[in-house]
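Visitor: Structure provided below as structure tokens; questions to follow.
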2 protein chains.
Amino acid sequence: MGQDKVSAVARPPKDNSPITEHLAYLLAQANREINRQLEMRLSKEGVPVEQWRILKVLSDGNGHSMGELADAVLLNHPTLTKMVDRMVSDALVYRVQDPKDRRKVLMFVSDRGKALSKRLNSLAVSQEEHIVESYGDKSTNELKRLLESLIDSSN
Amino acid sequence: MGQDKVSAVARPPKDNSPITEHLAYLLAQANREINRQLEMRLSKEGVPVEQWRILKVLSDGNGHSMGELADAVLLNHPTLTKMVDRMVSDALVYRVQDPKDRRKVLMFVSDRGKALSKRLNSLAVSQEEHIVESYGDKSTNELKRLLESLIDSSN
DNA sequence: TTGAAAATATTGAATATTCAACAATTGAAG
DNA sequence: CTTCAATTGTTGAATATTCAATATTTTCAA
């Protein structure tokens, strides 16, 4: 009698499903938790997660415009501008006007920024290793694959 | 020669891997995008995502303490207090002091809040249906399963 | 029973984010 | 070429979030 309960999670949620069955909620919850953990690790260097992202993106050595960078690090423009101001004060990055298009500003990482980036990367990698330990290799890779594909399908 | 490239994503990221290979980044990116979409739908009712969550949790009809609610809706306490203040002004929810433990405040949803909650649920469900359409039934359910299990393994 | 510690919620100040307006430059149509 | 629209980045004001301190109530040990 009744249908099989093949999995705890099935079909799009109904009006009265608990919020924990909504994809949007599960993503927010997982993101919050993982981000909190990463934040704790990075606090050893006194740096917020967003600055790790910025330094990592700039660490390819190329100049990146503010717009490009904002997309890459998941911040909107004014927020990025203000965070970059702070990082310039801390001598982690610097601005150069783009000679090809003088509306643009190209961001570069300084030597000091590169050194910090290395230390932050270690912390971030170690966090992910810790996740893989408790969550498993397969699950981690499968989850990453599905997230990438969700993002692709949303564009 | 070299190892098989079974998947684009393999193993924990190295120091120099692009940021897009980090689980923490993929989660943030996916969450941002899905949240943005949901936000757009809910803007029809002029309500932020967090208020949908609050109304949905309270819609079980039971009283929920602020602490309980803060956990459930992924907000920290002061932020929730202030958002609830607004919702009380809008007559969507109301506070009752818990008679069993007078430190606590129990939150309840009003009739007006219930009505709004219904409309918001429709919008949220329709969003998820839209995701399922482009992303697929199987992927969606598999992703939900993996997210739940990641959250479990992080406690 | 009393007093100290813990739990719960709120407040106000400090900080951060967002929105809308602006300035500068480029692109493109007439 | 000139002008107008689009692009890019920044700024300041409005809004929201967070941190630390506070008030209240409960718990628990002495």
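Visitor: Looking at A:R95, is it over 25 Å from B:A30 (Cβ atoms), open to solvent by 10 Å² or more (accessible area, probe 1.4 Å) and within 12 Å of DNA strand C (Cβ to nearest atom)?
Guide: no
Visitor: Just to be sure, is A:L150 within 13 Å of chain B (Cβ to nearest Cβ), within 16 Å of DNA strand C (Cβ to nearest atom), without any contact (Cβ under 8 Å) to a residue 40 or more places away in the chain and open to solvent by less than 60 Å² (accessible area, probe 1.4 Å)?
Guide: When the stated conditions are applied, A:L150 does not pass them.
Visitor: Tell me, which residue of the range B:7-20 that is open to solvent by 50 Å² or more (accessible area, probe 1.4 Å) and under 17 Å from A:L147 (Cα atoms) is modelled with the lowest pLDDT?
Guide: Among those residues, the one meeting the criterion is B:A8.
Visitor: If I filter the range B:31-39 for residues that are open to solvent by 50 Å² or more (accessible area, probe 1.4 Å), more than 7 Å from every other protein chain (Cβ to nearest Cβ) and at pLDDT 95 or above, do I get at least one hit? Spell out how you get there, then give the answer.
Guide: As a first pass, look at the range B:31-39 and keep what is open to solvent by 50 Å² or more (accessible area, probe 1.4 Å): B:32, B:36, B:39.
Among the residues that remain, those that are also more than 7 Å from every other protein chain (Cβ to nearest Cβ) are: B:36, B:39.
Keeping just the survivors that are at pLDDT 95 or above gives B:36, B:39.
Yes, the conditions are met somewhere in the range B:31-39.
Visitor: Could you grab me the full set of residues in the range B:99-127 that are within 11 Å of DNA strand C (Cβ to nearest atom), surrounded by 13 or more Cβ atoms within 10 Å (Cβ to Cβ) and free of Cβ contacts under 8 Å to residues at least 40 places away in the same chain?
Guide: Correct list: B:K104 only.
Visitor: If you don't mind, there's one more thing I want to ask. Being over 22 Å from A:S17 (Cα atoms), among the β-branched types (V, I, T) and either open to solvent by less than 30 Å² (accessible area, probe 1.4 Å) or more than 12 Å from DNA strand D (Cβ to nearest atom) (or both) is the filter here, so list the residues in the range B:40-84 that pass it.
Guide: Selection gives B:V84 alone.
Visitor: Please specify each residue of the range B:46-87 satisfying the condition of being in a helix (DSSP H, G or I) and within 8 Å of DNA strand C (Cβ to nearest atom).
Guide: B:M66, B:G67, B:E68, B:L69, B:A70, B:H77, B:P78, B:L80, B:T81, B:K82, B:V84, B:D85
The values are calculated or read from the model by the stated rules, or taken from the named source; none is laboratory data. All of these numbers come straight from a predicted model, not from anything done at the bench. All Cβ positions, even for glycine, are placed from backbone atoms using ideal geometry, and neighbour counts span all protein chains on display. These area figures cover heavy atoms from the full protein model, side chains too; ligands, DNA and RNA do not enter into them. Shrake-Rupley method; radii C 1.70, N 1.55, O 1.52, S 1.80 Å.
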